[in-house]
Structure formats: structure tokens, C-alpha cells
Amino acid sequence: MAKNPTEDLLAPLTVVVGQEELLLDRAVAQTTTAARQADPDTDLRDLQPGMLQPGMLSELTSPSLFSERKVIVVRAAQDLAADTVKEIKAYLDNPAPEVMLVLVHAGGAKGKGLLDAAKKAGAREVVCPKLTKPAEKLAFVRSEFRVTGRSATEDACKALLDSVGSDLRELASACSQLAADTEGTIDETVVARYYTGRAESSGFQVADLAVTGRTAEALGQLRWALAVGEKPTGIVFALASGVRAIGRVATADRGMRPGDLARELGMPPWKIDRVRQQLRGWTGDGVATALRAIADADAAVKGGSGDPAYALEQCIVTVSAAARSQR
């Protein structure tokens, strides 16, 4: 869905513009991957929001002892301080050799001066617009299956969108899971087997218990889910969906009306209400800890461990503990 992503990936200046987080991350990853393919010793500096302070850019772009390529990614460029923006604009007039600067910008009026300056300097631009229309998200699902090299029917794509919801990360994860775990053409029956009624499925019951800190109950439900044939990958998916939803709702504008918030986050209103009830006890560090544990469990159940059930148990203990970090 990103526009113009195939132009010179090694351009000295790239601006990635938009508010669709998954597409922004993929555009950045595409650029950094190209840089490391050209030079395996590429030095990557991915600066999260607020990390780039006045005076840092000249240090980061200075020549290194070994003259390797550098990629400097600046996230949330629209929020940079005025002194830092001034420094970047000056840099654009005299960019350093062997340095690739990637500015990630939300677009809009805020910080527009920096975005305009980058475009004027000849930046390669990748546009990642927010996908809001059902047809756009359906096209995204089709594209995800094509990338995996799998064939999926139109009804399967629609069923997946109806079952999983409109969050792109969850949709991408679901497409990847179906591609990895099934054979042949992915049709509506395959999607139904994995996702229809998923809010009531055993895997999501495990997740609901874990994200509310009910460790013993979550472990009991896990054992039941595995006993009745629930796939470990589906349980990991449910845990990831639950924790990501908590992180997204927690950082959303608290003043928004439920209906507006549901549209903004791409979740049904009933899910917003449920996640808000689950929020008590969670912190930002807790969400980060839980997501790391889920990533480890995901690797374990996909072949990284000889005991997927044990990996899931450890993950649930960590997620449940994170859910109680403020209690």
C-alpha cells in the first residue's frame, strides 16, 4: 500500500510519510535491508521519538574510522524540537557521504517545514496512507497472501477481515499464520477453522485470562486448549492480539468518544470496552515485557523449542505478571 517504495532504496535521503504504523515500519525495514545488502557492515541507528537531541546529528553523520555506510532513522520527525529541525535543514544542504538519512513523518501540518525542506532537497518519498476503507483493507489482505506465494479466494479474504478485524498487524500476522500452517488454496473453510468465532475460542480465552493477571486460570485454560487440539501458534496469536490491543488503547486519546476511538483504532466498540476493563494494572514497561515474551514463545512454537507447551506456559506467566505490575 506504500506508494513509490521501489525507487532508489539507497538514496541519501528518504522520507516515509503517513500514519499506518505497519507500513511505515515496513518501508523503513526495506530501506535498511537494502543498505545492509549493499554493505553488510552498515551501521544502523534507529532513533525512536524524542531520541534525536540538538547537536546529535553532526556526531551521528561524522565519518567513521572504517568508512562503512550509515543509516540514520529519525522517528516522529514531525515532533522534533525547533533547534533539531534547524540542524537537519542545514545538514540537507551539505549531506555527508555514505550516510542515508530516513525521516519518518506523520504528514499533516505539524512539522511541515521539515517535510517540505526534505522534498525540496530531492528526497525519495514513500507514502504510507492510513487504510480506512474496507476495500483498501481487503486489498491489503490479498497483497499479504500474494507476498507469501499463497493463493486465497475472495471469500477467504473477506472472511479473514470479518473475523480478525481491521488492524493491519493482526491481519498480516493472520495471513502469515494461515500461509505457514495450511496447504493448497486458502478458502473460507480454512479461515473459519482458524478464526471464525475466535472471541469464544480456547486460545482467546487463554489470552483474556492472562492479560487480566489470572495466572492459574490461564494455565488451566491453556492445558484444556491444547488438549482439545488448539494450535500453539493460534494461542500465541491470541496473546499477541490481546497485549497489542492493550497498548494501543492505553496510548489513545482518552477524551475520544468510544465510537470515534473504535474507528481510529480499527476495533469494534465492544472490543474497546473490553480492553479498557483489562487495562488496570498495565504499564508501558509491562506491555514491552509481555511482547518480548510473546515473541520468544512465537519462535519456540514454530520450531525453536522441543516443548511448545512449556514455552507457552512461561509466556503466560510473564504476561500475567506484567498485567499486575501496577497492582
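Taken together, the values in this text are just the output of simple stated rules run on the coordinates, not laboratory data. These figures come from a predicted structure and were not determined experimentally. Here the Cβ is made from the backbone with ideal geometry for all residues, glycine too, and neighbour counts use every protein chain on show.
Each residue, Arg257 and Val317, gets one label point 7 Å from its Cα in the Cβ direction; the gap between the two is 4.7 nm. Between Ala139 and Ser62, the distance separating the two model label sites (each 7 Å from Cα on the Cα→Cβ line) works out to 4.7 nm. Shape class for region 26-71, computed from the alpha carbon gyration tensor (a ≥ b ≥ c): oblate, with a/c not under 1.5 and a/b at or below b/c. Seen from a random direction on average, the alpha-carbon convex hull of region 252-327 projects onto 6.0 square nanometres. Here the sum of -39500 (n - 2.57) over DSSP H runs of 4 or more residues, divided by the residues of the chain, equals -17500 deg cm²/dmol at 222 nm, to the nearest 500. For region 301-320, backbone nitrogen atoms closer than 17 Å to the point 7 Å from Arg223 Cα along Cα-to-C-beta are found at 308-317. Treating r as the C-beta distance of Ala109 and Arg45 and R0 as 22 Å, the FRET efficiency rounds to 0.20. Each label point was placed 7 Å from the Cα along the Cα-to-Cβ direction; for Ser325 and Ala180 their separation is 2.5 nm.
Phi-derived couplings, Karplus 6.51 cos²θ - 1.76 cosθ + 1.60 at θ = phi - 60°, listed residue by residue for region 216-229: 4, 5, 5, 5, x, 5, 4, 4, 5, 4, 5, 5, 8, x Hz, with x used for Gly and Pro. Please work out, to two decimal places, the log10 of the ratio I(q)/I(0) at q = 0.06, 0.08 Å⁻¹ from a Debye calculation in which every Cα of the chain carries one identical scatterer. These q points yield log10 I(q)/I(0) values of -0.25, -0.44.
Cα centroids of region 230-308 and region 73-112: 32 Å apart. Dipole check for region 13-128: with +1 at the C-beta of Lys and Arg, -1 at the C-beta of Asp and Glu, and the Cα centre as origin, the magnitude is about 320 Debye. Seen from all directions on average, region 97-205 presents a Cα convex hull projection of 10.2 nm².
What angle, in degrees between 0 and 90 and rounded to the nearest 10, separates the Cα long axis of helix 269-278 from the longest principal axis of the Cα atoms of the chain? It works out to around 90 degrees.
Taking every DSSP beta bridge that has both ends in the chain, the antiparallel portion is near 5%.
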